[in-house]
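Every number here is computed from the coordinates shown, using simple stated rules; none is lab data. Not measured: the values here are computed from a predicted model. So basically every Cβ, Gly included, is an ideal-geometry build from the backbone, and we count neighbours across all protein chains shown.
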Amino acid sequence: MLIEDGWVTWRRPAGGSLDGLPIARDLGGAELVPGFIDAHCHILPTGLDFAKLHLGQCSSREAVIEAVASRHSELAPGEWLLAVHYDQTRFEDGVHLTAAELDRVVPDRPVLLRHMNGHAGVANRAALKLAGVGPDEPDPSGGAFVRDESGALTGVLLERALDQVAKATPEPNVEEMVDAILAAGQAMHALGITCATDMMTGYLDLEDELTAYRLASERGCPVRIRLFLQWSAVLGPKAMDPVRLTEHMAALDPLRCRILGLKIFADGAIASATAAIYGGYAGQEAKTSGQLIYSPERLTSMVRVADEAGWRIAVHSIGDYSTDLVMDAFKETGHGDRHRLEHAMILSDDQIARLADLGCHVTMQPEFLVQNGRAYRRQLGPERASRLKRARSVLDAGIPLSFSSDRPIVAGSPVTGIAAATHRPDGFDQSENVTRKEAISAYTLGGAIANGDEGVMGSLNEGQVADWTLLPA
């Protein structure tokens with residue numbers, strides 16, 4: 001392989017165990033492959049989370065309380081205490097912390113613990129007050145303020161209720177965003193990732209975020225950046241002026257930073273019991289369970305409006321109930337193969353057949369099985385949990401598939417993801433394993449296809465960018 005000015009100009013025929021992927025065997029056993037493409041992650045939030053309290057090692061409510069109290073003692077008066085990777089499924093009783101428990105150790109400082117899946121959280125009373133959430137606050141559409149048997153707020157926040165409180169936290173300025181993006185880019189590049197796709201640009205402020213991503217790419221961010229913008233930030237009632245959006249798009253170097261489409265959330269997540277599923281969560285009986293972010297009619301309308309405006313759409317759907325609704329919406333557009341289904345964690349045989357007919361791209365995150373297996377089994381029961389993320393069946397059906405991380409939900413190492421996809425952890429159906437070649441391809445060429453970059457990156461063919469990484473021996 002020859003490289004000139006960062007582009008591949010010649011490649012000798014591929015061979016070896018990975019066939020269509022180039023391999024160098026004079027590197028101490030390491031293998032040279034195309035740079036990994038994380039086609040579904042959250043770049044800016046990853047960088048911002050580096051400064052927050054990490055609760056991933058806390059396996060009891062007492063450990064969480066102790067960590068919160070310790071951080072409280074380090075902060076300036078009035079400063080928010082923000083924590084990430086809180087997970088009640090690690091507790092012996094599996095029951096969420098409450099505002100009252102947080103208030104006992106931090107009574108006068110706003111505290112917000114974000115669940116490890118990003119779809120739930122717990123706030124103390126000071127945080128609820130600053131967010132304007134009073135005792136009689138109605139549930140937002142697509143979310144819930146959890147209440148106890150007496151009707152009092154517990155501090156537990158689901159989906160858009162979490163967003164409502166999170167919006168009250170201090171927002172970073174553009175320079176702080178740039179620093180966070182650069183820090184996240186460095187961390188990803190250290191894992192062999194050369195391109196990453198942010199899947200919720202516009203959550204804070206679309207104007208500032210687009211400026212920050214452009215500046216970070218111009219200042220040498222080591223990963224190429226792709227962006228899916230939140231639907232509401234582009235087509236909602238408070239959307240950015242289309243002229244300004246066009247100006248932002250024109251200012252980007254498309255090889256370094258490019259806008260791909262719009263993102264919609266259809267449901268929640270399994271660990272917080274907000275993924276919209278058929279049946280009930282463990283110990284429950286119901287026709288459907290979880291949280292639809294939008295009504296079926298509203299979801300279909302949003303997909304149709306975006307499709308008619310020429311946008312590519314990526315829809316977050318984890319539960320099988322919400323995935324049926326997403327497929328209904330995609331089918332109505334007549335352009336199912338233009339769009340992306342994100343996560344698709346619970347799939348029946350019939351749904352896989354439907355996806356194949358639609359031709360839409362599917363993204364999965366194998367690393368979820370490593371980090372969250374305990375939570376999945378607790379919420380779904382071992383049998384249903386064992387069949388999550390049916391990558392083998394999806395590939396066998398001819399459905400375009402890419403692997404990614406959804407960082408900062410997990411650490412985001414493609415090497416860990418490859419291992420999880422080829423040898424699913426104990427408790428997960430081994431018939432859904434994929435081959436090593438397929439797993440590497442899903443993190444490289446599959447990611448390029450998901451991003452519409454297959455002619456530019458993902459396989460180190462002549463005429464593509466020379467983005468590569470070494471897999472350890």
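Data overview
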read-out	value
The range 342-394, relative contact order [Cα under 8 Å, separation at least 6], %	52 percent
Angle between the chain longest axis and helix 61-72 axis [Cα atoms, degrees, rounded to 10]	90 degrees
Distant-in-sequence amide H partners of Thr288 (H built 1.01 Å from N, under 5 Å)	Gly279
Förster radius 45 Å - calculated FRET efficiency between Tyr278 and Glu66, Cβ distance, rounded to 0.05	0.70
Subset of Lys331/Lys389; Lys52/Lys263; Lys287/Lys331; Lys167/Lys331 violating a 31 Å alpha-carbon distance limit	Lys167/Lys331
Additional length obtainable on full extension of the chain from Glu207 to Thr169, 0.36 nm per residue less Cα span	11.8 nm
Loop sites in the range 27-117: GluC sites (Glu not before Pro), DSSP, at most 13 other Cβ within 10 Å	Glu74, Glu79, Glu92
Most to least packed among 177-185, 355-363 [average Cβ atoms within 10 Å]	177-185, 355-363
The chain - share of DSSP beta bridges that are antiparallel (%, nearest 5)	35 percent
The chain, relative contact order [Cα under 8 Å, separation at least 6], %	18 percent
Residues of the range 55-76 with amide N under 13 Å of the 7 Å Cα→Cβ point at Asp93	61-62
The range 146-158 - phi-based ³J(HN,Hα) in whole Hz, Karplus 6.51/-1.76/1.60, Gly and Pro as x	5, 10, 8, 5, 8, x, 7, 5, 8, x, 7, 10, 10
Two-site label geometry, Asp108 and Val305: point separation in nm, points 7 Å out along Cα→Cβ	4.6 nm
Simple label model, 7 Å out from Cα along Cβ direction - Gln351 to Met249, nm	3.2 nm
Per-residue ³J(HN,Hα) for the range 218-233, Karplus 6.51 cos²θ - 1.76 cosθ + 1.60, θ = phi - 60°, Hz, x for Gly and Pro	5, 8, x, 3, x, 10, 5, 10, 10, 10, 10, 8, 4, 3, 5, 6
